[in-house]
Amino acid sequence: MIHNMTEERKKRNRYDVSLPAPLTEEELMRLIETVEERELLHAPGHLRGNIFSHIQEGKRKERQRALFSYRAKVLVGMAAALAVLFLVPVDGVETPQMPQPGILGTLYEEETGSVDEWERDALETQRDIDRTWRRYLAGQERADARKKYFRNISEKITNYKTWED
């Protein structure tokens, strides 16, 4: 409030004072001669060095930020690539079937040996269905693990409060 009053007074005083007339030709020539003979103002000696040091420091900080940004992008890309390699299931690539060891293999051979071709096909179909179901369940487990892993990463990123420049 007091500040505004002083500003208003300054404005009123400024308008009351009459402005000086522009310089005449003779006065202007005298001013030019005095400036040419002796310089009126000199910049401080340290001004140039100070300005250049500020410019260099700004460039250095910008380079550091760019390098940090590049490193962060590379690190995130590598982490994402590794996560994809480990978590994405490889469907369509089946491992060769090994003979079933133990009692299950023996039972299967006994079942297929004593039944006709139609029943053998039905048993094979059921076996394929069971194998596909187990593969589906394994894929679902991997998908759930993948979602949990990425959810955990996103929570850590969103909860991390003090990021560096």
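Data overview
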| quantity | calculated |
| --- | --- |
| Hits in segment 126-143 (condition: charged (D, E, K, R) and under 19 Å from Leu82 (Cβ atoms)) | Arg142 |
| Complete set of residues in segment 18-55 that are of a type in the set (A, V, I, L, M) and either open to solvent by less than 100 Å² (accessible area, probe 1.4 Å) or modelled with pLDDT of 75 or more (or both) | Ala21, Leu23, Leu28, Met29, Leu31, Ile32, Val35, Ala43, Leu47, Ile51, Ile55 |
| Hits in segment 42-93 - residues which are more than 30 Å from Thr132 (Cβ to Cβ) and of a type in the set (Phe, Trp, Tyr) | Phe52, Phe68, Tyr70 |
| Residue check for Asp121: over 17 Å from the mean Cα position of the chain (by Cα), in a helix (DSSP H, G or I) and at pLDDT below 90 | yes |
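The values are calculated or read from the model by the stated rules, or taken from the named source; none is laboratory data. These numbers come from a predicted model, not from an experiment. All Cβ positions, glycine included, derive from the backbone under ideal geometry; neighbour counts span all protein chains shown. Only protein heavy atoms, including side chains, enter the accessible area calculation; ligands, DNA and RNA are left aside. Shrake-Rupley method; radii C 1.70, N 1.55, O 1.52, S 1.80 Å.
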